[in-house]
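Just so it is clear, none of the values below were taken in a lab; they were calculated from the coordinates. Bear in mind that the values here come from a model prediction, so they are computed numbers and not experimental data. Ideal geometry is used to build each Cβ from the backbone, glycine not excepted, and the neighbour counts take in all protein chains shown.
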Amino acid sequence: MIIVMGEFRLKAEIIERIRPNIDEIIRKSNEESGCISYKFSEAIGDPGLIRVSEKWKSSGDLENHFKTDHMKKWREVVQENGGATDRDVSSYKIILEKEL
């Protein structure tokens with residue numbers, strides 16, 4: 001399993017305008033083969049700071065995700081609206097999963 005965790009910043013004033021795009025990237029990503037979970041959340045008290053949480057069955061599934069049309073569209077929307085800054089997103093290969 002591959003876990004992707006991190007955060008990036010969008011201009012707070014664009015969040016509501018691009019919310020349909022955010023909803024679309026989350027929905028379409030969750031429909032992808034190999035996607036277990038794909039979530040974004042905005043930090044409470046820090047408008048524009050978006051946290052990312054993803055689970056993928058394999059690194060191949062994650063690589064295929066980056067090539068999808070909806071990811072291409074998402075990157076374009078972000079760039080057209082000032083880009084993402086303070087990006088700190090990493091993937092981790094998990095060899096053991098234990099419910100807590």
### Summary
Neighbour-count ranking for Glu42, Glu97 (other C-beta within 10 angstrom, fewest to most) reads Glu97, Glu42
### Query
So, how do all the Cα-to-Cα distances of the chain break down into 10 Å bins, in percent, from 0 on up?
15, 48, 30, 7, 0
### Query
Which listed residue (Ala43, Met71, Met1) has the Cα farthest towards the positive end of the charge dipole for the chain, taking +1 on Lys and Arg C-beta and -1 on Asp and Glu C-beta about the Cα centre?
Met1
### Message
Taking the beta-carbon count within 10 Å as an exposure proxy, list Lys55, Lys11, Lys39, Lys98 from fewest neighbours to most.
### Response
Lys98, Lys39, Lys11, Lys55
### Query
Which value in nm describes the separation of the simple spin-label points at Ser33 and Ile15, placed 7 Å from the Cα toward the beta carbon?
3.6 nm
### Query
What does the helix-only formula give at 222 nm for the chain: each DSSP H stretch with n ≥ 4 adding -39500 (n - 2.57), the total divided by the residues, and the result rounded to the nearest 500 deg cm²/dmol?
-11000 deg cm²/dmol
## Note on the structure
Cβ density ranking, 10 Å radius, fewest first, applied to Leu62, Leu96 yields Leu96, Leu62
### Task
Report the residues of the range 38-52 in range of a label on Glu97: point 7 Å along Cα→C-beta, backbone N strictly under 17 Å from it.
38-39
